[in-house]
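Here is the structure we will look at, set down as structure tokens.
Each value in this text was obtained by applying a stated rule to the coordinates, not by laboratory testing. Since this is a predicted model, take the numbers as computed values, not measurements. Cβ placement follows ideal geometry from the backbone for every residue including glycine, while neighbour counts extend to all protein chains displayed.
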Amino acid sequence: MMTSPRLGTRMPSPSISSTRLSPLDTLWQASTIIWVLLAGEALAAVLAIAPGVTGDRLTSFGVASLAIQWVFLTAMGLLYLLRRWLAAFSPPVLAQVSLAALLVSTWAFLLLAWLAVRDVLLPPTGGWQILALQISAIALIVGLLGVGAFQAQWRAKQLAVAAEHAKLQALQARIQPHFLFNTLNTGISLLHVKPDLAEQLLLDLSDLFRAALSSRETLPLDEDLALARRYLEIEQLRLGDRLRLSWEVPDSLPALQVPTLSIQPLAENAIRHGIEPSTTGGEVSIGVTVVDGHLQISVTNTLPPASAHVSPGHQVGLSSVRARIHAATQGRGQVDTRTHDGVYAAIVRLPLNPPQ
């Protein structure tokens, strides 16, 4: 089982540059690829039913669909191959590079098509040069529209992340005084009868607040679990035998970065809504396992009896953790909750292979 280190000035602050998101990162998500393919099919349909098209329109649609999807996927492939080099550039530069990749893919397709059919088909009206200019103009217009839509989506995503960060700060401002007063009262009661426990409590409180009030946006997973352990140790001193803790954490954890205070709010929910309302207390368990290529962190608690008064809460902590995990993992991580056989579980799933 893992022994959590005590948090303090000895721990190095991790660099958050490795977790900084780039606008291009969303291109590798399945949802984005599906939308690109659908947009290509829609463009092919528009070109096939446009006035002035001669011949069979279904054939025109098939040819246009093949050409457009080849160009789109080739452009995305170029951007993927250059992703490490492009990571250092600003969003406006990335937009220009993306547009250039689309045009290069278009010209490469035109060249291959011309080499393949120039000896078989008659030149189109106006010649091959005019056709190439028309197709390049279409690619440029579509690219500009796509870049505009993508930049708008990226700005909206950044605003959502900023809003969640502000919500977290408001949550911390609301929680800290309540938690601080309870902890200090517990420390005062232990000061004369059990001074060693009072000292432990104050050290745990210092560790927890030092991390909570810092400007670090991410932490290594083992440090974030250590924060949750500090919190639960404080609550166990306050609640005594009413709180039973169980940890199932391996000695070695993957070197994953998680948003600061990802696990502690889930542990706090377990205490407030599972243990405190019950006169007999209950059990809180934290486990870490690997399931289907994901690291799974579960925070479970026994539910109070039906007769107990349980505040429904505002779900602010859970919503904040869910949104920050989703943003930090680019949609590949998630937070699920479930209730089964008198046990409530909050489960965090993190991909073991971080996005490139």
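On a full-extension model of 0.36 nm per residue, what is the gain between residue 290 and residue 184, subtracting their alpha-carbon distance, rounded to one decimal in nm? Don't skip to the answer; put the middle values down first.
Values: separation 106, 0.36 × 106 = 38.16 nm, distance 3.79 nm.
That pair, residue 290 and residue 184, stretches by 34.4 nm at full extension.
HN-Hα J couplings of segment 294-303 from phi, Karplus 6.51/-1.76/1.60, θ = phi - 60°, integer Hz, Gly and Pro as x?
For segment 294-303, the Karplus curve yields 10, 8, 10, 10, 10, 10, 10, 8, 6, 8 Hz.
Under a crude label model (7 Å from the Cα following the beta-carbon direction), how far is residue 54 from residue 159 in nanometres?
4.9 nm
If each residue of separation counts as 0.36 nm, what is the full-extension length gain between residue 41 and residue 104 once their alpha-carbon separation is subtracted?
Details: separation 63, 0.36 × 63 = 22.68 nm, distance 2.03 nm.
That works out to 20.7 nm of additional length.
Mind listing the long-range amide H neighbours of residue 258? Cut-off is under 5 Å, sequence gap 5 or more, other chains count too, H placed in the peptide plane at 1.01 Å from N.
Those lying under 5 Å, H to H, from residue 258 are 219, 221.
Can you tell me which of 277-283, 131-137, 199-205 comes out highest on packing, and rank the rest after it, using the mean Cβ neighbours within 10 Å? Mind showing how you got there, number by number?
Values: 277-283: 15.6, 131-137: 13.9, 199-205: 17.9.
Sorting 277-283, 131-137, 199-205 by mean packing, highest first, produces 199-205, 277-283, 131-137.
Apply the Karplus curve 6.51 cos²θ - 1.76 cosθ + 1.60, θ = phi - 60°, to the phi angles in segment 88-97 and return the couplings in whole Hz, x for Gly and Pro.
8, 8, 6, x, x, 5, 4, 5, 5, 5
Return the distance in nm (one decimal) between the two label points of a simple spin-label model at residue 112 and residue 81, each offset 7 Å from Cα along Cα→Cβ.
According to this spin-label approximation, the distance is 1.2 nm.
From the backbone phi of segment 225-239, what are the Karplus-calculated ³J(HN,Hα) couplings (6.51 cos²θ - 1.76 cosθ + 1.60, θ = phi - 60°) in whole Hz, Gly and Pro given as x?
Taking θ as phi minus 60°, the curve returns 5, 5, 4, 4, 5, 4, 4, 5, 5, 5, 5, 5, 5, 6, 8 Hz for segment 225-239.
With an 8 Å cut-off on Cα pairs and a minimum separation of 6 or more residues, tell me the relative contact order of segment 188-291 in percent.
Numbers: 108 pairs, mean separation 32.0, N = 104.
Relative CO of segment 188-291 lands at 31 percent.
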